[in-house]
1. What order do you get for 59, 122 when you list them from fewest to most C-beta neighbours inside 10 Å?
2. Work out how much length residue 186 to residue 17 would gain on full extension: take 0.36 nm times their residue separation and subtract the Cα-Cα distance, in nm to one decimal.
3. Provide Rg and Dmax in Å for the chain, with only Cα atoms included in the calculation.
4. Pop the C-beta distance of residue 131 and residue 172 into the FRET formula with R0 = 25 Å and round what comes out to the nearest 0.05.
5. For residue 85 and residue 239, compute 0.36 nm times the residue count separating them, minus their Cα-Cα distance, and round to one decimal in nm.
6. How high is the FRET efficiency between residue 28 and residue 51 when r is their beta carbon distance and R₀ equals 41 Å, given to the nearest 0.05?
7. Per-residue ellipticity at 222 nm for the chain, helices alone: DSSP H runs ≥ 4 residues times -39500 (n - 2.57), over residue total, nearest 500 deg cm²/dmol?
8. Report the gain in length on full extension from residue 1 to residue 198: 0.36 nm times residue separation, minus Cα-Cα distance, nm rounded to one decimal.
């Protein structure tokens, strides 16, 4: 049977004909990438009760922490300095999802905000603003980057022997960058999988038996060239189901 994968959504408000409408949103790129990798996607509405997290994780074979708004700095013990939009209830729910996935041995793929949330859930902290300090992460501008389409791109260099080096089959890859926050203090049980040339951590994995992989870029938005990330996730799920 094809693996069943839960994907986190995010709360949004959209102006409609009926006035402001509240939505649980998820880019179609996520489920489409999951389906292309031979898995079945299931969307998890945001900000559910902490008790619901364990039951939801028990129903699926793996979990994807999707992109979204900032992580509330209070979640990792900091005051707000540059964080903008955040939702503490969503953070609490997603931290509970991470804890449930770990306790149940369910693989996790964390993307963009998801990588940041994974790091925080496991005891790390974040830079609330990376532009100005990290050269590869200056704000995207059509005027300064006329050849770019939708996002600035830069190179990530993978650590030798890393999961991503094996998945991509190369030592580096050009990725998109759609974030203004990033990992500051790495969680104790995470190890670096890859960095940008400016030194910012761009990919991590759990250093243990539990398979958890986080990437700061959006592989779902880069079509076939980054589909290997989802295929590595599927293989991890298949291995976990056999054990």
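1. Working: 59 10, 122 20.
Going from least to most buried by this count: 59, 122.
2. Values: separation 169, 0.36 × 169 = 60.84 nm, distance 4.50 nm.
Taking 0.36 nm per residue and subtracting the Cα distance, the gain is 56.3 nm.
3. Values for the chain (Cα only, Rg and Dmax): 17.1, 54 Å.
4. Values: r = 22 Å, r/R0 = 0.89.
Efficiency at R0 = 25 Å is approximately 0.65.
5. Numbers: separation 154, 0.36 × 154 = 55.44 nm, distance 3.73 nm.
Fully extending the segment from residue 85 to residue 239 adds 51.7 nm.
6. Values: r = 30 Å, r/R0 = 0.73.
Working from the Cβ atoms, E equals 0.85.
7. Details: 6 runs with 65 residues, N = 243.
Only helices count here, giving -8000 deg cm²/dmol.
8. On the way: separation 197, 0.36 × 197 = 70.92 nm, distance 4.27 nm.
The span from residue 1 to residue 198 would gain 66.6 nm if fully extended.
Every read-out reported here was derived from the displayed coordinates using simple, explicitly stated rules and does not represent laboratory data. Predicted model only: the values in this text are computed from it and were never measured. Quick reminder, even Gly has a Cβ in these numbers, built from the backbone with ideal geometry, and neighbours come from all protein chains shown.
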